[in-house]
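Contents: one structure, followed by commentary.
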Amino acid sequence: MTAQHPRVAIVGRPNVGKSTLVNRIVGGRRAIVEERPGVTRDRKELVAEWNGRTFTVVDTGGWLPEGVDTSDPTALTRQVSKQAERAMGNADVVVLVVDGVVGIAEEDDRVARLLRTTDTPVLVAVNKVDDQRREADVWGFSRLGLGEPFPVSALHGRGSGDLLDAIVDALPAEVEEVVEEDDGIFSVAIVGRPNVGKSTLFNRLVGDERTVVHDLPGTTRDSIDTLVETEDGPLRFVDTAGMRRRAKIDEATEYYGLVRALESVDRSDAALLVIDATVGVTHQDQRLAERIDAAGTVVVIVLNKWDQITDPDERLQVQADVADRLAFLAYAPVLKISALTGKSVVRVLPALRQAEEAYHARIPTAALNRLIQEAQTQHPPPPVRRHRPRLLYAVQGASDPPTFTIFATHELPPTYVRYLERRLREAFDLGPTPIKLRIRRRSH
Ligand code: GDP
Ligand code: GDP
């Protein structure tokens with residue numbers, strides 16, 4: 001729900017003028033973006049705008065991991081490459097700030113070497129070039145191998161326009177703004193083939209809540225959403241026109257066709273995929289599930305009409321069928337319910353809420369890295385083409401759904417990536433949400 005602007009990370013040694021430059025770029029704006037829990041507080045993120053483009057500036061200056069001796073200048077300096085690595089993992093543009101008065105320091109060289117390995121665009125800002133005289137020295141910084149350096153004076157503003165032009169040019173192409181109004185209310189699409197029991201389930205869920213229910217116009221033509229006030233806050237059911245008892249009479253059975261179902265999934269934070277347990281998982285169910293998976297939406301699988309399956313063997317068979325045919329949704333909880341009798345329907349909303357929480361989860365970096373190291377110690381990655389990969393560290397680049405980048409010295413086999421995913425899910429209760437895991441290579 002937070003606007004996702006492209007991210008520009010400012011990295012460099014202490015005292016080169018990063019904070020001054022950030023202030024110059026954001027031009028007195030003071031909007032601190034990151035206030036979500038679990039985010040390292042002392043890494044400042046501010047919103048800036050230039051030539052009509054809005055982006056987030058990440059000032060890594062104040063970022064210090066636990067245990068660093070702040071009175072030791074070399075320890076401080078050593079953190080700079082760490083910051084640069086993190087920036088490479090989750091920024092769209094990196095600006096390396098160097099000191100035009102001091103020249104290239106050893107640490108600048110090291111960071112530059114690191115930054116040369118990334119696909120992320122990197123700009124070099126040579127700061128403290130307060131007047132013309134110093135400009136001649138700037139070209140020496142080309143030696144960093146990161147392209148033409150930009151002379152700036154963060155203090156006086158000199159050259160900052162050119163640097164900003166270059167930053168904006170390097171930003172990824174603008175994604176069309178989402179015009180849909182997002183009221184921040186968790187929204188759920190109930191989807192499934194005709195006759196699986198969607199309407200019955202919807203009326204039960206809404207009826208059981210005994211709360212205010214309004215009809216809201218949805219965004220698609222002639223779609224109606226339903227807002228339900230639950231004990232845990234409001235919940236929006238998407239495209240429910242055909243599910244209300246009265247409306248049902250006039251609706252054709254195919255009212256909720258695949259296309260319509262997919263539209264409502266796209267508009268939702270979560271999908272309740274209803275499957276008729278008496279029929280099992282059909283090809284059409286699989287197609288729908290694949291699309292939900294591709295949309296990256298939270299999903300809870302509902303095996304409905306469970307009252308009809310009484311034979312224990314048959315029960316096992318149906319569950320095995322789900323595990324087998326919907327294997328790619330293995331993370332999704334499977335609820336066995338009867339919408340008709342109401343049995344176990346109470347479990348549906350909590351399952352959705354839990355999935356919602358996992359979807360928004362932000363894992364503290366320290367805890368994430370402890371887990372990664374622990375996973376590696378207990379089960380080291382197998383060698384790939386004579387190299388034994390080593391996991392270096394991990395960052396969570398985004399939530400909704402949780403997206404992680406793991407840095408490793410070599411490629412990891414897919415089975416090992418799945419192992420890491422499983423460990424992450426277990427350790428941080430990410431069970432019901434899709435997660436994204438990216439592996440990036442780094443030499444040391
Ligand atoms: P950081 O540690 O990299 O964030 O550096 P700061 O922004 O705190 O700046 C360190 C020192 O350099 C401060 O005393 C600033 O006033 C000074 N400084 C920053 N930019 C400039 C500049 O463009 N010219 C000059 N002469 N000094 C600058
Ligand atoms: P929709 O087309 O997916 O909205 O399905 P409906 O809610 O209209 O239900 C289709 C039929 O299945 C109706 O006759 C329902 O009474 C019946 N049905 C729905 N849920 C259950 C259930 O849990 N058990 C049984 N036995 N029948 C159900």
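Would you kindly work out the equivalent ellipsoid of segment 300-444 from its C-alpha gyration tensor and give its semi-axes, the square roots of five times the eigenvalues, largest first in whole Å?
Values for segment 300-444, descending: 36, 18, 10 Å.
Where the Cα atoms of segment 87-135 are projected onto their three principal axes, how long is each span, largest first, in whole Å?
36, 21, 12
Can you give the convex hull volume per residue for the Cα atoms of segment 254-327, as a whole number of Å³?
Convex hull volume per residue, Cα atoms: 89 Å³.
Give me the number: length gained by fully extending Arg388 to Asn90, i.e. 0.36 nm times residue separation minus the C-alpha to C-alpha distance, one decimal in nm.
Details: separation 298, 0.36 × 298 = 107.28 nm, distance 2.57 nm.
So the chain would gain 104.7 nm between Arg388 and Asn90.
On each of the three principal axes of the Cα atoms of segment 91-205, give max minus min coordinate, whole Å, ordered largest first.
Result for segment 91-205: principal-axis Cα extents of 78, 29, 20 Å.
Where a number appears in this text, it was derived from the coordinates with a stated rule and is not lab data. Quantities reported herein were computed from a predicted structural model and do not represent experimental measurements.
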